[in-house]
Amino acid sequence: MTQDELKAMVGRAALAYVQPGALVGVGSGSTVAFFIDALAAVPVAGAVSSSEASSARLRALGIRVLDAGEVERLPVYIDGADEIDAQGCMIKGGGAALTREKIVADLAERFVCIADASKRVAVLGRFPLPVEVIAMAAPQLVRRFAALGGLAALRPGVLTDNGHPILDVRGLEITDPLALETEINQWPGVVTVGIFARRRAQTCLLGTAAGVETLVF
Ligand code: 5RP
């Protein structure tokens, strides 16, 4: 199977976690795009989305999009990941939507990660860690990452939906995701670090050649 076929398979499988008539939290990225297309067949009350791109795709399929501020809780949040470890901790932000992803995920009772099998790792960090930052702080944040052994660089030509640049940090071996997430989030100028450990996935639907593998954390 191609990577896209694996993504489409887990996108469809995620419908099992969506309650007809209820709201659903929707993430961002190419795997989520397959989920959104499948969601069009389910009579949901509406969706809270983590990116302008996902909101546009939802609306184009006739699905009502609500702002995060309009809801207090969501039964489920469905999103992809760039890496996921054996505890359900993730690196996210390859699509630059990490801040809104963390906000919408925080509203949800359950985080269901959908990913092809290439995203499963023993230790997070091979995928460059995305960090949304305030532009004026970027040079000093590059130096802070260097002190941790990381090589940070601005993602060329990219601003997030919130209007901020992204630093991509290479060379980190993230053996304690919660501690590193907590540490980086304290640094002045960091908007959001793309480690999802405090709000990790409870379930992961992993697309493999043998079918959908369900991981429960
Ligand atoms: C966007 C994300 C995505 O979930 C992540 O990049 C995975 O994307 P894809 O499904 O395209 O591989 O975090 O900010």
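The values are calculated or read from the model by the stated rules, or taken from the named source; none is laboratory data. Here the structure is a predicted model, which is why all the values come from computation and not from measurement. Don't worry about glycine lacking a Cβ; one is built from the backbone with ideal geometry, like all the others, and counts go over all protein chains shown. For the accessible areas, the whole protein counts, side chains as well, though only heavy atoms, and no ligand, DNA or RNA atoms are used. Shrake-Rupley method; radii C 1.70, N 1.55, O 1.52, S 1.80 Å.
Karplus-based coupling profile of region 193-206, in residue order and whole Hz: 9, x, 8, 10, 10, 4, 10, 8, 6, 8, 9, 10, 9, 9, with θ = phi - 60° in 6.51 cos²θ - 1.76 cosθ + 1.60 and x standing for Gly or Pro. Of the solvent-accessible surface of the chain, computed with a 1.4 Å probe over protein heavy atoms with every protein chain present, carbon and sulfur atoms account for 53 percent.
Amide H to amide H distances under 5 Å link Ala47 with Val24, Arg64, Val65, Leu66, where only residues 5 or more positions off or on other chains count and H is placed in the peptide plane.
In sequence order, region 53-59 has phi-based couplings of 5, 5, 4, 5, 5, 4, 4 Hz under the Karplus curve 6.51 cos²θ - 1.76 cosθ + 1.60, θ = phi - 60°, and Gly or Pro positions carry x. In whole percents, the pair-distance distribution calculated for region 129-193 from its alpha-carbon pairs, binned every 5 Å from zero, is 4, 19, 32, 27, 13, 5, 0. Counting only heavy atoms of the protein chains and using a 1.4 Å probe, Glu5 has close to 90 Å² of accessible surface. Based on Cα contacts under 8 Å between residues 6+ apart, region 129-193 shows a relative contact order of 47 percent. In the assembled protein chains, Thr208 presents an accessible area of approximately 30 Å² (probe radius 1.4 Å). Binning all Cα-Cα separations of region 48-141 at 10 Å, short to long from zero, yields these whole-percent fractions: 15, 40, 33, 12, 0. For region 34-77, trypsin sites (Lys or Arg not before Pro) are listed when DSSP marks them as loop and at most 12 other Cβ atoms sit within 10 Å of their Cβ; the list is Arg64, Arg73. In vacuum, with every alpha carbon of the chain counted as one equal point scatterer, what does the Debye formula give for log10 I(q)/I(0) at q = 0.08, 0.18 Å⁻¹? Two decimals, please. The Debye formula, applied to the Cα set alone, gives -0.26, -1.27. About its Cα centre, the dipole of the chain is roughly 100 debye, where the only charges are +1 on Lys and Arg Cβ and -1 on Asp and Glu Cβ.
Rounding to the nearest 10 and keeping the result within 0 to 90°, find how far the Cα-based axis of helix 3-13 lies from the longest principal axis of the chain. On a 0 to 90 degree scale, this one is about 60. Counting only protein heavy atoms and a 1.4 Å probe, the chain has 44 square angstrom of accessible area per residue.
Projection of the Cα convex hull of region 3-77, averaged over all directions and equal to a quarter of that hull's surface, yields 4.4 nm².
Ligands, DNA and RNA excluded, the heavy atoms of Phe217 present near 80 Å² of accessible surface to a 1.4 Å solvent probe.
Here the Karplus curve 6.51 cos²θ - 1.76 cosθ + 1.60, taken at θ = phi - 60°, turns the phi angles of region 21-36 into couplings of x, 9, 8, 9, x, 10, x, 9, x, 6, 5, 5, 4, 5, 4, 4 Hz, with x standing for Gly and Pro. Were the residues from Asp4 through Val216 laid out at 0.36 nm apart, the gain over their Cα-Cα distance would be 74.0 nm. May I ask for the angle, rounded to the nearest 10°, between helix 138-147 and the longest principal axis of the chain, with both axes built from Cα atoms and the value confined to 0 to 90°? Computed tilt is about 80 degrees.
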